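Only one structure is covered here, and it is reproduced in the block below.
The values are calculated or read from the model by the stated rules, or taken from the named source; none is laboratory data. Bear in mind the structure is a predicted one, so any value in this text is a computation, not a measurement. In this analysis, Cβ positions are derived from the backbone assuming ideal geometry, glycine residues included, and neighbour counts consider all displayed protein chains. Areas reflect the complete protein model, heavy atoms only, side chains present, ligands, DNA and RNA absent. Shrake-Rupley method; radii C 1.70, N 1.55, O 1.52, S 1.80 Å.
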Amino acid sequence: MKKISNKQVWKNIGIILISYIAVTLLLNSGLLNRQYTSLLVPIAINVMLAVSLNLVTGFLGELSLGHAGFMSIGAYTGALISLNLGKTGILPEPVAFAAAVLCGGIVAAVFGFLIGVPVLRLRGDYLAITTLAFGEIIKSVINSMKITNGAKGLNKIPLYSNYKNYTVVFILMVITVLAISNLMRSRDGRAITAIRDNDIAAESIGIKISHYKVKAFAISAFFAGVAGVLYAHNVGILKPGTFDYNKSIEILVIVVLGGMGSIPGSVIAAVILTILPELLRGADNMRMLLYAIVLIAMMIFNNSRIKEGLMMNRTVKKLTGKGE
Amino acid sequence: MALLEVKNLGISFGGLKAVDGFHITIEEGQLYGLIGPNGAGKTTVFNLLTGVYRPTLGTITLDGKNLVGKGPSEICKSGVARTFQNIRLFGKMTVLDNVKTALHNQVTYSGISCFFHGPSYKKKEAEMTEKALDILKVFELDQYQDTLASNLPYGQQRKLEIARALATNPKLLLLDEPAAGMNPNETAELMETIRLIREKYHITILLIEHDMKLVAGICEYLTVLNFGTELASGTPAEVLNDPKVITAYLGE
């Protein structure tokens, strides 16, 4: 048992190092033009959003359509901290950014907790609609508040997390992915998965369902909030309209495509679905049409016999580490 | 003092009295059977005992402590575990993880350790795995530890459910039709296992069963339920020869 888990750790470290080196080389060699370097941070942000949504949708088994709401809370909280503390020089830049990341995550988690409590009694379609409504409420509130500058939004947010600082972004992404995959291989993670598989049985063996549902919502919101902070400090401008339900659906599509309850799947799908629209830019008018067609094709492939056969293949099994 | 004392237990769904004036006293270490025709309210009694339903009337005390009004997870912590008539496993988790999940309140570590797999995580997880494998070995399920629970054959799924219930370290184990859908060989094997776990873990067992052979073979005491009320109680020999019971099962 122990040997396998150590092997797993080394493999993870290997994957992380190789991807970091690959990104560094690509950036410094000048192989990537401006169009693609500007995608690096959005990829990391989408990975974080997808992995955190997977916690609620894939592992807890509740469809949440308000993930963009949590993201926007993080984004605005972080941006306000940077604008008021970092830019004015009250705090040195790195400290201000660290504070922005932490506070963005925590405030989003608080809202995750708040939405988690009333929706406990709901499940399935009802919960999905409630989270959708919740996302829209956040958007409207941000739209009408003075501190968030209403519909005009916030601008000139310091670019602490743009592609030049990709190391910080990369580290935060790795932390998110590791934290959630570690969580799923622990006592709490098993409780969350057990609730998805059979809530009555989970209760009968002493798991407090309400506790773990709220916890899953709060943790998921925390990382969505952190992703929001990175977004704000990458783009420099925040508008409430960015965080509408389209954004939530976009994240959900990544999770479904990557596979419910599969963290590596979410990561891969996030990378593909972030790059894809850019790759299709050459097609001009046909871009969104092609995007949709590719999406349908990938969904069909995901549920096809071809993929099943591929996964059963010995070499593929070895590569994905499921052979042991 | 009796381990479980139930007095005057009753529940109504609208105008229907599903269980009415139900009494049962189970001594520590007993193997007690609850039988009755379909729709007699046996599973409802289980649901009342485990807090799935809240009784409209009556008291339930385990080891002198009141159980009425507590939720299922709290009742599990007080020492009552159960299985279900229609199997409820965590289908997409492995056999080992199913049992480890049931050790939730037996082996604990902090929520922080769940994120950072530090020394306490490793130690406690190893302890959990060991305990879970011990239980799986009793049911000869350890060879399937990495199989998904939903991929197990039916008979093994039934066994895994009992193993999972046992992992919560109960004083009282409730088995809801453990032999349902099993062939005679599997039933005989199950009877052996039930006897074995009672001795090995020193627990009290209350079981619902339709299979008269199993009931007569291992239960020391029986209560017959019909239309939500008690029809007869006593040793298997007394009860199964009672004309009232024969009428309830076979008709006039």
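Among the residues of the range A:197-211, the ones that are open to solvent by 10 Å² or more (accessible area, probe 1.4 Å) and facing another protein chain (nearest Cβ under 8 Å) come to 7 in all.
For the range B:218-226, the criterion of being β-branched (Val, Ile, Thr), assigned to a helix (DSSP H, G or I) and open to solvent by less than 70 Å² (accessible area, probe 1.4 Å) is met by at least one residue. Taking the criterion of being of a type in the set (Val, Ile, Thr), open to solvent by 30 Å² or more (accessible area, probe 1.4 Å) and within 14 Å of the chain's Cα centre (by Cα), the only residue of the range A:217-252 that qualifies is A:Ile249.
Among the residues of the range A:158-195, those that are under 20 Å from A:Gly116 (Cα atoms) and facing another protein chain (nearest Cβ under 8 Å) comprise A:Leu183, A:Asp188, A:Gly189, A:Arg190, A:Ala191, A:Thr193, A:Ala194.
Listed by position, the strands (runs of 3 or more DSSP E) enclosed by the range B:7-125 that each have at least 3 residues that are more than 14 Å from every other protein chain (Cβ to nearest Cβ) are B:16-26, B:31-35, B:57-62.
Could you tell me whether A:Thr176 is open to solvent by less than 50 Å² (accessible area, probe 1.4 Å) and modelled with pLDDT under 90?
No; evaluated as a whole, the condition is false for this residue.
Restricting attention to the range A:119-139, does a residue exist that is in contact (Cβ under 8 Å) with a residue 40 or more places away in the chain, under 21 Å from A:Ile268 (Cα atoms) and assigned by TED's automatic domain parsing to the domain that holds A:Ile251? No, the range A:119-139 contains no residue that is in contact (Cβ under 8 Å) with a residue 40 or more places away in the chain, under 21 Å from A:Ile268 (Cα atoms) and assigned by TED's automatic domain parsing to the domain that holds A:Ile251. Looking only at the range B:199-217, residues that are part of a helix (DSSP H, G or I) and touching a strand residue (DSSP E or B) at 6+ places or on another chain (Cβ under 6 Å) come to 1 in all. Annotation note: of B:Thr50, B:Thr25, B:Thr56, the sole residue that is surrounded by fewer than 18 Cβ atoms within 10 Å (Cβ to Cβ), over 23 Å from B:Val239 (Cβ atoms) and at pLDDT 90 or above is B:Thr56. Check the range A:58-65 and report whether any residue there is under 23 Å from the mean Cα position of the chain (by Cα), part of a helix (DSSP H, G or I) and modelled with pLDDT of 90 or more. The answer is yes; a qualifying residue exists. Taken over the range A:47-71, residues that are under 22 Å from A:Arg190 (Cα atoms), in contact with a Lys or Arg (Cβ under 8 Å, 6 or more places away or on another chain) and open to solvent by less than 10 Å² (accessible area, probe 1.4 Å) amount to 1. Counting the residues of the range B:228-252 that are over 22 Å from the mean Cα position of the chain (by Cα) and assigned to a loop (DSSP other than H, G, I, E, B) gives 4.
Scanning the range B:90-132 for residues that are aliphatic (A, V, I, L, M) and open to solvent by less than 20 Å² (accessible area, probe 1.4 Å) returns B:Met93, B:Val95, B:Leu96, B:Val99, B:Ala102, B:Leu103, B:Val107, B:Met128, B:Ala132.
Of the residues making up the range A:233-249, none is within 30 Å of A:Ala297 (Cβ to Cβ) and within 14 Å of chain B (Cβ to nearest Cβ). For A:Ile138, the requirement of being closer than 19 Å to A:His233 by Cα, in contact with a Phe, Trp or Tyr (Cβ under 8 Å, 6 or more places away or on another chain) and part of a helix (DSSP H, G or I) is not met. Taking the criterion of being open to solvent by 10 Å² or more (accessible area, probe 1.4 Å), free of Cβ contacts under 8 Å to residues at least 24 places away in the same chain and closer than 27 Å to B:Arg195 by Cα, the residues of the range B:234-245 that qualify are B:Thr235, B:Ala237, B:Glu238, B:Asn241, B:Asp242. Annotation note: of A:Ala50, A:Ala68, A:Ala108, A:Ala133, the sole residue that is in a helix (DSSP H, G or I) and more than 12 Å from A:Ala221 (Cα to Cα) is A:Ala133. Out of the residues in the range B:1-22 that are over 21 Å from the mean Cα position of the chain (by Cα) and touching a residue at least 60 places away in the same chain (Cβ under 8 Å), which is most open to solvent (accessible area, probe 1.4 Å)? Of everything passing the filter in the range B:1-22, B:Met1 is most open to solvent (accessible area, probe 1.4 Å).
Scanning the range B:134-171 for residues that are open to solvent by 40 Å² or more (accessible area, probe 1.4 Å), in contact (Cβ under 8 Å) with a residue 24 or more places away in the chain and closer than 25 Å to B:Met182 by Cα turns up B:Tyr144, B:Gln145, B:Asp146, B:Thr147, B:Leu148, B:Ser150, B:Tyr154.
Filter the range A:273-316 down to the residues that are closer than 24 Å to A:Val51 by Cβ and among the polar types (S, T, N, Q), then identify the one that is surrounded by the fewest Cβ atoms within 10 Å (Cβ to Cβ). My answer is A:Asn303. Whether any residue in the range A:72-89 is of a type in the set (A, V, I, L, M, F, W, C), over 24 Å from A:Val141 (Cα atoms) and open to solvent by less than 70 Å² (accessible area, probe 1.4 Å) is what I want to check. No, that holds for no residue. Among all residues of the range A:223-236, there is none that is at pLDDT 90 or above and either within 30 Å of B:Ala163 (Cα to Cα) or not assigned by TED's automatic domain parsing to the domain that holds A:Ser38 (or both). Scoring B:Lys65 on the criteria (1) touching a His at 6+ places or on another chain (Cβ under 8 Å); (2) exposed (fewer than 14 other Cβ atoms within 10 Å of the Cβ); (3) not acidic (Asp, Glu) leaves a single failure, condition (1). Each residue in the range A:142-199 was checked for being more than 27 Å from A:Arg34 (Cα to Cα), charged (D, E, K, R) and part of a loop (DSSP other than H, G, I, E, B), and 2 of them qualify.
Looking only at the range B:135-154, decide whether some residue is within 9 Å of another protein chain (Cβ to nearest Cβ), basic (Lys, Arg) and in a helix (DSSP H, G or I). No, the conditions are met nowhere in the range B:135-154.
Checked against (1) within 14 Å of another protein chain (Cβ to nearest Cβ); (2) open to solvent by less than 10 Å² (accessible area, probe 1.4 Å); (3) in contact (Cβ under 8 Å) with a residue 60 or more places away in the chain, A:Val214 passes all but a single condition, namely (2).
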